[in-house]
Amino acid sequence: MPRVTAAPAAAPVTSAPITSDASEWGRVTEDGTVEVREGDAWRPVGQYPDGTPDEALAYYARKFDDFAVKFGTLETRAQSGGSSASDLTKQANRLLSEVTDAAAVGDLAGLRSRIEALVASLSEATTKEAEAAKAAMDAAIAERTVIVEKAEAIAARDLSKVQWKQVTVEMTELFDAWQSHQQNGPRLPKGAAQQLWKRFRDARSSVDKARRAFFSELDDVHRSARDAKARLVERAEALAPRGVDGIPAYRDLLDAWKAAGRAGRKADDALWAKFKAAGDALYSARAEQAAADEAESAPKIEARQALLEEAKAVADEPNLKKARALLTRIQRQWDEVGRIFPREKERALDDRMRTIEQALKSREDVDWKKNNPETKARANDMSSQLNESIEKLEQELAAAEKAGDAKAVKEATEALAARRSWLNALRG
C-alpha cells in the first residue's frame, strides 16, 4: 500500500541558541513582581514571594527553558524528516500559542520568531504532504475498486455452471485482500469506503446466495440418489437365498445403480460396499458351483481326451469308409460323455475334434471329385480327344521332318508337348 512520508522541512531562518539569561530578560520589582522584557517594554509574569529575587527569576527562567526544549525537539524533528509536516505544524502553532504572553523569563520574542519561522518552513512540506496523501488515497481507492470489480465479475458469471470449489477460493482471496487493504492501507473517506463496501458486499452476497442454492439442490439430488441406492441395496441383499439364479436380477439392479446418480462420496462409498457385498455373495455361490461342476467334469474330460487320442487313427486310415466308420463311432461315444464344465474346456476339446472331422471331410471331398461318374466320363472323353490330337500331331511332325520344314517341326513339337501335358494331368 502507498504510504505518505513527510519531506524534511526547510531549516529555520536562524538556528542560534535561545537564551534565557534572567538578568538580561527579567527583573523583580520592589513589591516582588517578576517582569520580562519584550522589546522595549516590560510585562509582569507573576510573583515569587517566598524566595529571593534571583530565585524568583530562576523559577520563571526554567519555564522559558521548557518552551525552548519543546521548540528544539520540534526543530530537530522537522530537520531530520520522517515526521508528518501537518502534525509538526499543529504542534508548532500550539507551542506558539503557549509562548505568547507566557509566564516565563527569557527571549520570548525571539522564541516566537523562531516558532513562526518553523511554521513557515513547514508550509511547503505540508502542501507536498497533502498532495502525496491525496495521490495515495486515489491509489488506494483504485486498488480497492479493482477488488470490487473482480468480485462483481464473479457474481456476473453463470453461477449455475461454475466450479464452486474454485469460485469459493477466488471469493475468499478477494475478501482477504479487502481486509488486508482495509487494515494496512490508508483510511478512505467514509463515503467512498461505504460505497465500495456496499458493491463488494452485494457481489459477495449474490455469490453466496447462488452457492447456497446450488448445494441445497445438490443435497436434494444426493438425498434422492441415496434413498434410491438404499432400496437397491435391500433388493440386492434379498437375492442371497437364490444363489446363482439371482445373478441376472443382480445385473439388472447394477444397471439401475449406475442410473441412480451420485449420492455424495461418503454415502456412495458406504452404500456401494453393501451393494457389492451382496453381489459378491451371489458370484461366490456361482464360483462354488463352477468348482463343483469342474470337479464333476474331470472324468468326462479324461474320457474325451482319450477319444481324441483314438481319433488320431482316422487320419492314418487310408480306407475312407473305414476312417468314416471309426470317426462315427468316436463321435457317438463323444456325445454320450455329456456336458463338460467349465464351458471353456468343453469348447477347447470340441475344437480339437472338429479339426479331425474337417480333415476327413476334406479327404472325402477330394475322393468324390476324383471318382464321380460324370467327372470320370468327361475326363475319358477329353482323353480320347487328346489321344486323337496327339496321333495327328505325330503324323504332322514326321511329315515336317521328312520335308525339312524347321518351322513346322517346331510348331508340331510344341503342340505335342502341350497335349501330352494335359493328358498326364487328366490321368492324375
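The values are calculated or read from the model by the stated rules, or taken from the named source; none is laboratory data. Predicted model only: the values in this text are computed from it and were never measured. In this analysis, Cβ positions are derived from the backbone assuming ideal geometry, glycine residues included, and neighbour counts consider all displayed protein chains. Keep in mind that these areas ignore ligands, DNA and RNA; they rest on the heavy atoms of the full protein, side chains included. Shrake-Rupley method; radii C 1.70, N 1.55, O 1.52, S 1.80 Å.
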| message | Based on this model, can you work out whether ASP202 counts as at pLDDT 85 or above and more than 30 Å from ALA151 (Cα to Cα)? | response | no
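Just one of GLU173, GLU129 is in a helix (DSSP H, G or I) and touching a residue at least 60 places away in the same chain (Cβ under 8 Å); which is it? Before the answer, list the steps.
Details: GLU173 fails: touching a residue at least 60 places away in the same chain (Cβ under 8 Å).
Exactly one residue qualifies, and that residue is GLU129.
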| note | Here the residues within segment 25-41 that are out of contact with any Gly (no Cβ under 9 Å at 6 or more places or on another chain) and either over 17 Å from ARG112 (Cβ atoms) or in a loop (DSSP other than H, G, I, E, B) (or both) are ARG27, VAL28, THR29, GLU30, ASP31, GLY32, GLY39, ASP40
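Hey, can you tell me all the residues within segment 80-101 that are under 22 Å from VAL28 (Cβ atoms) and surrounded by 20 or more Cβ atoms within 10 Å (Cβ to Cβ)?
Taking segment 80-101 first, the residues under 22 Å from VAL28 (Cβ atoms) are 99, 101.
The answer is VAL99, and nothing else.
Among the residues of segment 327-351, how many are assigned to a helix (DSSP H, G or I) and open to solvent by less than 20 Å² (accessible area, probe 1.4 Å)? Spell out how you get there, then give the answer.
First, the residues of segment 327-351 that are assigned to a helix (DSSP H, G or I): 327-337, 343-351.
Imposing the further condition that a residue be open to solvent by less than 20 Å² (accessible area, probe 1.4 Å) reduces the set to 327, 330, 334, 346, 349.
Number of matching residues: 5.
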| task | Specify which of the listed residues (ALA259, ALA285, ALA263, ALA278) is open to solvent by 50 Å² or more (accessible area, probe 1.4 Å) and either under 13 Å from ALA230 (Cα atoms) or among the aliphatic types (A, V, I, L, M) (or both). | result | ALA259
| request: Report, ordered by the first and then the second residue, all pairs with beta carbons closer than 7 Å, sequence separation of six or more or different chains, a first member in segment 238-257 that is touching a residue at least 12 places away in the same chain (Cβ under 8 Å), and a second member that is surrounded by 14 or more Cβ atoms within 10 Å (Cβ to Cβ) and of a type in the set (D, E, K, R). | output: VAL244/ARG286; ILE247/ARG286; LEU253/ARG235; TRP257/LYS229
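Look through LYS209, LYS161, LYS134, LYS198 and report the one residue that is open to solvent by 70 Å² or more (accessible area, probe 1.4 Å) and not in a helix (DSSP H, G or I).
Working: LYS209 fails: not in a helix (DSSP H, G or I); LYS134 fails: not in a helix (DSSP H, G or I); LYS198 fails: not in a helix (DSSP H, G or I).
Of LYS209, LYS161, LYS134, LYS198, the one residue that is open to solvent by 70 Å² or more (accessible area, probe 1.4 Å) and not in a helix (DSSP H, G or I) is LYS161.
Just to be sure, is ALA120 open to solvent by 60 Å² or more (accessible area, probe 1.4 Å), farther than 30 Å from ALA267 by Cα, at pLDDT below 90 and not basic (Lys, Arg)?
Working: open to solvent by 60 Å² or more (accessible area, probe 1.4 Å): yes; farther than 30 Å from ALA267 by Cα: yes; at pLDDT below 90: yes; not basic (Lys, Arg): yes.
Answer is yes for this residue.
Of everything in segment 26-41 that's under 18 Å from ASP107 (Cα atoms) and β-branched (Val, Ile, Thr), which residue is most open to solvent (accessible area, probe 1.4 Å)?
The initial filter retains those residues of segment 26-41 that are under 18 Å from ASP107 (Cα atoms), namely 26-28, 34-41.
Among the residues that remain, those that are also β-branched (Val, Ile, Thr) are: 28, 34, 36.
Details: VAL28: 47, VAL34: 0, VAL36: 0 Å².
Looking at the filtered set, the residue picked out is VAL28.
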| said: Whether any residue in segment 326-342 is at pLDDT below 90, hydroxyl-bearing (Ser, Thr, Tyr) and over 60 Å from the mean Cα position of the chain (by Cα) is what I want to check. | reply: no
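Considering only residues that are open to solvent by less than 60 Å² (accessible area, probe 1.4 Å) and touching a residue at least 60 places away in the same chain (Cβ under 8 Å), look in segment 178-195 and name the one that is nearest to the chain's Cα centre (by Cα). Quick ask: steps written out before the conclusion?
Taking segment 178-195 as the starting set, the residues that turn out to be open to solvent by less than 60 Å² (accessible area, probe 1.4 Å) are 178, 180-181, 185-186, 188, 191-193.
This time we only want the ones that are touching a residue at least 60 places away in the same chain (Cβ under 8 Å), so: 181, 185-186.
Working: HIS181: 29, GLY185: 34, PRO186: 37 Å.
Restricting to residues being open to solvent by less than 60 Å² (accessible area, probe 1.4 Å) and touching a residue at least 60 places away in the same chain (Cβ under 8 Å), the top hit is HIS181.
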| query | Do any residues in segment 25-44 that are free of Cβ contacts under 8 Å to residues at least 40 places away in the same chain have Cβ atoms under 6 Å from those of residues that are surrounded by 17 or more Cβ atoms within 10 Å (Cβ to Cβ) and among the acidic types (Asp, Glu), where the two are at least six apart or on different chains, and which pairs are they? | reply | ARG27/GLU35; TRP42/GLU35; PRO44/GLU35
| task | Return only the number of the condition from (1) open to solvent by less than 70 Å² (accessible area, probe 1.4 Å); (2) more than 30 Å from ILE247 (Cα to Cα); (3) of a type in the set (A, V, I, L, M, F, W, C) that ALA291 does not satisfy. | result | (2)
| Restricting the first residue to segment 296-323 and requiring it to be surrounded by 12 or more Cβ atoms within 10 Å (Cβ to Cβ), which pairs with a second residue that is not in a helix (DSSP H, G or I) meet a Cβ separation below 7 Å and a spacing of at least six or different chains? | SER297/ILE340; SER297/PHE341; LYS300/GLY338; LYS300/ILE340; ILE301/ILE340; ALA323/GLU317
| field | Options ILE154, ILE115, ILE147; residue that is buried (at least 17 other Cβ atoms within 10 Å of the Cβ) and touching an Asp or Glu at 6+ places or on another chain (Cβ under 8 Å) | value | ILE154
| Hits in segment 228-242 (condition: within 31 Å of the chain's Cα centre (by Cα) and open to solvent by 70 Å² or more (accessible area, probe 1.4 Å)) | none
| Number of the condition not met by VAL105 [criteria: (1) part of a helix (DSSP H, G or I); (2) within 30 Å of GLY72 (Cβ to Cβ)] | (1)
| request: Please work out if LEU174 is open to solvent by less than 40 Å² (accessible area, probe 1.4 Å), more than 30 Å from SER23 (Cβ to Cβ) and modelled with pLDDT under 90. | output: no
